[in-house]
Amino acid sequence: MIGLKIVFMPEKEEQFLQRINTKQTEAFRELFSEFYNSLVLFAMGFVEQQDVAEDIVQEVFIAVWERDARYPTYNAFRSFLYNSVKNASLNHLKHKNVEEKYLASLNLEDEGDDIDLKMMEEELYRLLFKTIDELPDKCRNIFLLHLEGKGNRMSRNLFQIYLDEVKQIPVCTPEEEALLPARAKQGDQAARKRLLEGM
């Protein structure tokens with residue numbers, strides 16, 4: 001908005017201050033014309049963004065309008081304007097700093113959660129591979145092939161070969177089998193059959 005700049009003389013300054021103190025609308029037009037640009041530049045020295053500086057100055061002007069204060073002198077009023085803009089600018093920077101710290105802490109928490117998740121994953125993989133290492137060789141190889149993404153048909157074929165070999169493994173040694181009654185031998189054969197069918 002382009003307006004005429006009003007140059008104040010001591011008497012005019014007092015009249016202007018009287019109109020500000022009595023909340024006369026014309027005084028706020030004069031306030032805008034006289035101080036707006038210089039206060040925006042002053043605020044930009046702190047916040048370095050014109051739109052933010054303009055918002056700050058407008059908020060100070062609103063505060064002057066809404067405030068139930070009487071300014072004793074023109075110099076006190078001018079000091080109030082500049083101090084208000086400075087304080088509002090510093091508050092904006094503090095708030096911005098708090099926001100940035102909060103966002104940074106959220107990122108750190110997310111990274112912390114990621115680190116915890118990665119540690120849990122690594123521990124699970126360690127336990128999985130430890131268990132796989134304890135499997136018999138052929139069974140371990142089938143499992144590792146499956147984990148490597150080899151086809152199910154290949155894993156199934158190797159698994160069938162493994163099952164055929166398991167069928168030939170005796171449940172107990174011939175010496176132990178000779179000591180067992182006939183019923184127990186049948187039970188062992190049934191257990192072997194259930195085991196093989198379940199696989």
Next on the checklist: List the helices (runs of 4 or more DSSP H) inside region 78-183, counting only whole elements, that have at least 3 residues being modelled with pLDDT of 65 or more and open to solvent by less than 80 Å² (accessible area, probe 1.4 Å).
Outcome noted: 137-147
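For residues that are among the hydroxyl-bearing types (Ser, Thr, Tyr) and crowded, with 16+ Cβ neighbours inside 10 Å, scanning just region 55-77, find the one that is nearest to LYS23 (Cα to Cα). Even if it seems obvious, please write down each step before you answer.
Here is the first cut: in region 55-77, the residues among the hydroxyl-bearing types (Ser, Thr, Tyr) are 71, 73-74.
Retained after the next criterion (residues that are crowded, with 16+ Cβ neighbours inside 10 Å): 71, 74.
Numbers: TYR71: 12, TYR74: 15 Å.
The extreme case among them is TYR71.
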Checklist outcome for this item: So, first residue within 16 Å of ASP51 (Cβ to Cβ) in region 82-95, second residue aromatic (Phe, Trp, Tyr) and in a helix (DSSP H, G or I), Cβ within less than 6 Å, six or more apart or across chains; the pairs are VAL85/PHE42; SER89/PHE46
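The values are calculated or read from the model by the stated rules, or taken from the named source; none is laboratory data. Just so it is clear, the model here is predicted, and its values are computed rather than measured. Methodologically, a virtual Cβ is constructed for each residue, glycine included, from the backbone with ideal geometry; neighbour enumeration extends over all protein chains shown. Side chains are part of the model used for accessible areas, which takes the heavy atoms of the whole protein and leaves out ligands, DNA and RNA. Shrake-Rupley method; radii C 1.70, N 1.55, O 1.52, S 1.80 Å.
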